[in-house]
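Asks: Below you'll find the structure I mean.
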Amino acid sequence: MATILVVDDESAIRSFLADALATEGHDVDQAEDGRVALSKLQARAYHVVLTDLRMPELDGVELLRRIREAYPEIEVIVLTAHGSVSSAVEAMKLGAFDYLQKPISSPAELRILVARAVERHRLEAAREASLSPHEPRLSHGARAMEPVLHALRKVAATDATVLLVGESGTGKEVAARAVHRWSARADAAFAAVNCAALSEQLLESELFGHERGAFTGAVAKRRGRLELADGGTFFLDEVGELKPALQAKLLRVLQERCFERVGGNQTVMCNVRWIAATNRDLDVMIQDGSFREDLYHRLAVFPVRIPPLRERREEIAALARMLLARIASDLGRPQLTIDDAACEALAQGDWPGNARQLANTLERAAILCDGAELLPEHFALAEAAHLGAPSAASAASAASAADQVVTIEDAERDAITRALAHSSGNRRKAAELLGIGLRTLYEKLKRYEID
């Protein structure tokens, strides 16, 4: 049926609970305190954890907090003594599924509650399975992400406006989608608009829609993304790029929860949960007058900083493997893997472009790799192909990880030869693949005497 972990410092209670659940066919493990429970959680996957609140070493509240951060898919039921219901209510606020009062006189009540928790676990698993197999994950276990995950899960249970800040490529949209998925609006629409990708007029039309004849080319009435996302979540990416006029209009929508389509006068109500993101310093923009302070305060109800990869080095290897799985699938080479030494070397890089830069480096290395496994030398070749890349130092360290000595000239020559082979001799395509201009490619062909 399900795998269940019972955590209580009283052996008699543990045995009673385990026996009551085992009769239903559940596979039940036991732990005498929170620390033992954590070690068991690392070794095995569980559907449900039942935990006492008051225990030595690591209490139930702290255990619950760590489970919510590291194993969010597990449902947690807390056990509390009579008269300590307030503690159980606090645990519910931290994300517990439900609570039971001790002593537990009715095994039937226990079994029903566990059955409900198992069912919710199944539904959540089905929802996760419906995502793309290569859906980006918000965290791969970095300690720096623990408070971020905790904050996002807490705010997801509300309708508060969230402002995600962080460098480009840190996963702000992934975080926004996670908040939506964990919220009560999960079954409604998630809409996203990148404020930096559209002109001011097009962005206004994209957000609010327009009436027929509102401007040249508006041949029919069109509903905007805000209207289409009604009841769901609206993600406003790169909000720091908004022009002043649109900032004023957005402020009004946030305040009044309504808007008019471009060229129209009919008021449209707006029921969305707002999440905004930026890689710019909005405080500085407020000081220089390029961003409205009142809009900032409307957006920054719950600000969350997403740390860059250099602060999450312990998860770079896992992230690289996940990204490579998606890249390999796109290239039609799903069996392609990456060597452990190469992963370790990648983890030493600073990656100023964060996940996007890491993905680009992996894709170049994959294209240049003729075998079934990416090795350190493939990253040296990839960096030589992408001349002047910020992560050249990390590629060099990758080469040294396997005691490979490859000169820049040799790597460059090999990269050009491979690019020509992959493009069937088409020099323009080869130049695009290498990330250099066609004239530069011709100069290097002459320099290395490549026909």
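Asks: Order these by the 10 Å Cβ neighbour count, fewest first: T51, T267.
Replies: T267, T51
Asks: Which one, P334, V28, T80, is farthest towards the positive end of the dipole of the chain when Lys and Arg carry +1 and Asp and Glu -1 on their Cβ?
Replies: Positive-most Cα among the choices belongs to P334.
Asks: When the Karplus curve 6.51 cos²θ - 1.76 cosθ + 1.60 is applied with θ = phi - 60°, which whole-Hz ³J(HN,Hα) does each residue of the stretch 277-289 get, with x for Gly and Pro?
Replies: 9, 7, 9, 9, 8, 5, 4, 5, 5, 5, 5, 8, x
Asks: Non-local amide H neighbours of L164 (under 5 Å, H modeled in plane, Pro and chain starts lacking H): which ones?
Replies: A276, A277, T278, V304
Asks: While we're here: Taking GluC sites (Glu not before Pro) that fall in a DSSP loop and have at most 15 other Cβ atoms within 10 Å as cut points, what is the longest piece of the chain between them?
Replies: It works out to 74-448.
Asks: For percent of Cα pairs over 35 Å apart, which listed value, [x] 28; [y] 49; [z] 34, comes from the coordinates shown?
Replies: [y]
Asks: Counting chymotrypsin sites (Phe, Trp or Tyr not before Pro) as exposed when in a DSSP loop with at most 16 other beta carbons within 10 Å, what is the longest stretch of the chain free of them?
Replies: 216-447
Asks: Also, I was wondering about something else. Add -39500 (n - 2.57) for each DSSP H run of 4 or more in the chain, then divide by its residues: what number comes out at 222 nm, to the nearest 500 deg cm²/dmol?
Replies: -14500 deg cm²/dmol
Asks: Leaving out same-chain residues fewer than 8 places away, which aspartates and glutamates sit with a Cα under 19 Å from that of K243?
Replies: Excluding near neighbours in sequence, the set is E200, E204, E206, E260, D281, D283, D288, E293, D294.
Asks: Mind listing the phi-derived Karplus ³J(HN,Hα) values for the stretch 358-370, rounded to whole Hz, using 6.51, -1.76 and 1.60 with θ = phi - 60°, and x for any glycine or proline?
Replies: Taking θ as phi minus 60°, the curve returns 4, 5, 5, 5, 5, 5, 4, 5, 5, 5, 7, 8, 8 Hz for the stretch 358-370.
Asks: Another question, then. Taking K and R as +1 and D and E as -1, what net charge do the other residues with C-beta under 11 Å from the C-beta of M285 add up to?
Replies: Local charge sum for M285: -3.
Asks: Here's a follow-up. Quick one: which residues, 5+ away or cross-chain, put their amide H under 5 Å from the amide H of V262? H built at 1.01 Å from N.
Replies: G209, H210, E211
Asks: Work out from phi, with θ = phi - 60° and the Karplus expression 6.51 cos²θ - 1.76 cosθ + 1.60, the ³J(HN,Hα) of each residue of the stretch 89-96, listed in order in whole Hz, and give x for Gly and Pro.
Replies: Values, residue by residue: 5, 4, 5, 4, 5, 7, x, 5 Hz.
Asks: With the dipole of the chain worked out from charges on the C-beta (+1 for Lys and Arg, -1 for Asp and Glu) around the Cα centre, which of L202, G289, H422 lies farthest toward the positive end?
Replies: Checking the options against the dipole of the chain, the answer is L202.
Asks: Taking the alpha-carbon centroid of each part, what is the distance from the stretch 238-302 to the stretch 48-66 in angstrom?
Replies: Using only Cα atoms, the two centres lie 42 Å from each other.
Asks: Compute the relative contact order of the stretch 3-129 as a whole-number percentage, counting only Cα pairs closer than 8 Å that sit 6 or more residues apart in sequence.
Replies: Dividing the mean separation by the residue count of the stretch 3-129 yields 22 percent.
Rule-based calculations on the coordinates, nothing more; no lab input. Not measured: the values here are computed from a predicted model. Don't worry about glycine lacking a Cβ; one is built from the backbone with ideal geometry, like all the others, and counts go over all protein chains shown.
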